[in-house]
Ligand SMILES: N[C@@H](CCC(=O)N[C@@H](CS)C(=O)NCC(=O)O)C(=O)O
């Protein structure tokens with residue numbers, strides 16, 4: 001059985017959502033970030049970066065949420081959640097959008113959050129906020145253009161790229177950062193209402209505690 005190490009409402013939710021879409025059997029271990037579980041020697045032996053998510057599949061350990069979800073899509077090809085190498089253009093489109101979300105859309109939100117609450121107080125720069133809002137708005141505009149006449153980001157169906165985009169938009173809403181475009185609001189509402197996402201959120205209410 002696979003084990004996901006994560007924390008509710010963090011980037012591990014994407015992986016839980018992916019696992020729920022696939023219908024895979026998995027254990028979900030709660031790494032309590034507030035209590036510093038991620039810095040314990042036991043956890044650092046799993047992920048020296050001290051971050052979540054981590055997926056352990058037998059003796060294979062994988063970090064980075066986009067790599068994990070792409071791996072899962074390829075391990076379960078019948079899920080159709082990651083376009084196969086046999087369809088290089090569709091696959092390239094998938095990679096384009098997942099990289100876009102991670103590097104353009106998520107980054108300014110993460111910058112905002114880091115400088116508001118995550119970094120040590122002496123490293124925070126409150127004056128960075130307007131630039132981060134401006135960068136997010138620029139990326140959101142591109143996403144809205146893509147979604148103006150499409151239900152999903154890639155091809156004709158739902159893929160892991162939609163998990164990343166919708167989770168990031170949910171993150172923006174949580175941080176009171178306006179999405180700023182009707183198509184994005186509608187897309188986020190529709191994709192976040194998928195049963196697998198709701199199951200992942202439900203699952204996060206009752207996780208296996210991490211043993212240090
Ligand atoms: N690029 C990584 C980012 C992982 C990451 O920064 N995770 C955060 C939670 S969302 C974390 O573990 N933070 C704990 C810490 O830095 O102490 C991914 O997408 O998996």
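Quick notes on this structure:
- Considered as a group, the residues in region 10-33 that are within 11 Å of the ligand (Cβ to nearest atom) and either out of contact with any helix residue (DSSP H, G or I) (no Cβ under 8 Å at 6 or more places or on another chain) or part of a helix (DSSP H, G or I) (or both) include one that is nearest to residue 53 (Cα to Cα), and that residue is 12.
- Filter result for residue 35 (free of Cβ contacts under 8 Å to residues at least 12 places away in the same chain and either within 19 Å of residue 152 (Cβ to Cβ) or not assigned by TED's automatic domain parsing to the domain that holds residue 176 (or both)): yes
- Out of 88, 120, sole residue that is exposed (fewer than 12 other Cβ atoms within 10 Å of the Cβ), within 16 Å of the ligand (Cβ to nearest atom) and over 15 Å from residue 175 (Cβ atoms): 120
- Residue within region 42-52 that is farther than 27 Å from residue 113 by Cβ and free of Cβ contacts under 8 Å to residues at least 12 places away in the same chain present: yes
- One residue from 42, 61 being assigned to a helix (DSSP H, G or I), more than 17 Å from the chain's Cα centre (by Cα) and either away from the ligand (no atom under 15 Å from the Cβ) or surrounded by fewer than 19 Cβ atoms within 10 Å (Cβ to Cβ) (or both): 42
- Any chance residue 178 is over 17 Å from the mean Cα position of the chain (by Cα), outside the structural domain of residue 16 (by TED's automatic domain parsing), part of a helix (DSSP H, G or I) and modelled with pLDDT of 95 or more: no
- Index of the failed condition, residue 155 passing every other in (1) surrounded by fewer than 13 Cβ atoms within 10 Å (Cβ to Cβ); (2) touching a residue at least 40 places away in the same chain (Cβ under 8 Å): (1)
- Single unsatisfied condition, residue 72 versus (1) away from the ligand (no atom under 12 Å from the Cβ); (2) assigned to a helix (DSSP H, G or I); (3) more than 17 Å from residue 167 (Cβ to Cβ): (3)
- Looking only at residues of region 48-58 that are over 18 Å from the mean Cα position of the chain (by Cα) and on the phi < 0 side of the Ramachandran plot, we find that the one that is nearest to the ligand (Cβ to nearest atom) is 48.
- Residue 125 passes every criterion in (1) under 23 Å from residue 17 (Cα atoms); (2) more than 16 Å from the chain's Cα centre (by Cα) apart from (1).
Yes or no, residue by residue, for (1) surrounded by 12 or more Cβ atoms within 10 Å (Cβ to Cβ); (2) in contact (Cβ under 8 Å) with a residue 40 or more places away in the chain:
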| site | (1), (2) |
| --- | --- |
| 132 | yes, no |
| 139 | yes, no |
| 144 | yes, yes |
| 149 | no, no |
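The values are calculated or read from the model by the stated rules, or taken from the named source; none is laboratory data. None of these values were measured; they are calculated from a predicted model. For neighbour counting, all protein chains shown are included, and Cβ atoms are generated from backbone atoms with ideal geometry for every residue, glycine included.
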